[in-house]
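The values are calculated or read from the model by the stated rules, or taken from the named source; none is laboratory data. Nothing here was measured: the structure is a model prediction, and the numbers come from that model. Glycine also receives a Cβ, built like all others from the backbone with ideal geometry; neighbour counts cover every protein chain displayed. Note: areas computed on protein heavy atoms with side chains; ligands, DNA, RNA excluded. Shrake-Rupley method; radii C 1.70, N 1.55, O 1.52, S 1.80 Å.
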Amino acid sequence: MLGPVDLSRFLPWLNWVICGGESGPGARPMHPDWVRLLRDQCANAGVPFYFKGWGGTKKVPPLLDGREWREFPKQ
């Protein structure tokens, strides 16, 4: 993620949302609020949300509430 994303109008057609930060040399930082916004949109719509990772070179703790948020669509 390079900024906040509003998927609310598309969520009725999505089965899963995967989110993560940029990686590799020159990776730009990702703000935790952007991830929270997307996670909350998914939770409100009942869409599984998978948080891949923060990207970059710094290790950041799980998404603030202690969970890793690695949900998968139902088979």
Exercise for the section: With a 1.4 Å probe and every protein chain kept in, tell me what percent of the accessible surface of the stretch 1-42 is carbon plus sulfur. Expected result: 59
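Treat every Asp and Glu Cβ in the stretch 1-50 as -1 and every Lys and Arg Cβ as +1, leave all other atoms uncharged, and give the resulting dipole magnitude about the Cα centre to the nearest 20 debye. Don't skip to the end; give the middle numbers.
On the way: 4 positive and 4 negative charges, 7 e Å.
Charge dipole of the stretch 1-50: 40 debye, to the nearest 20.
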Handout entry: Charge context of TRP16, other residues only, Cβ under 14 angstrom, K/R +1, D/E -1
Key = +3
Completion exercise
Amide H neighbours of GLY53 at under 5 Å, excluding residues fewer than 5 places away on the same chain, with H built from the backbone geometry, are GLY21
Practice task
Could you sort 28-41, 6-19 so that the peptide with the highest average Cβ count within 10 Å comes first and the rest follow in order?
Solution key: 28-41, 6-19
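With r as the distance between the Cβ atoms of PHE72 and TRP13 and R0 = 30 Å, compute the FRET efficiency 1/(1 + (r/R0)^6) and round to 0.05.
Numbers: r = 18 Å, r/R0 = 0.60.
Calculated transfer efficiency: 0.95.
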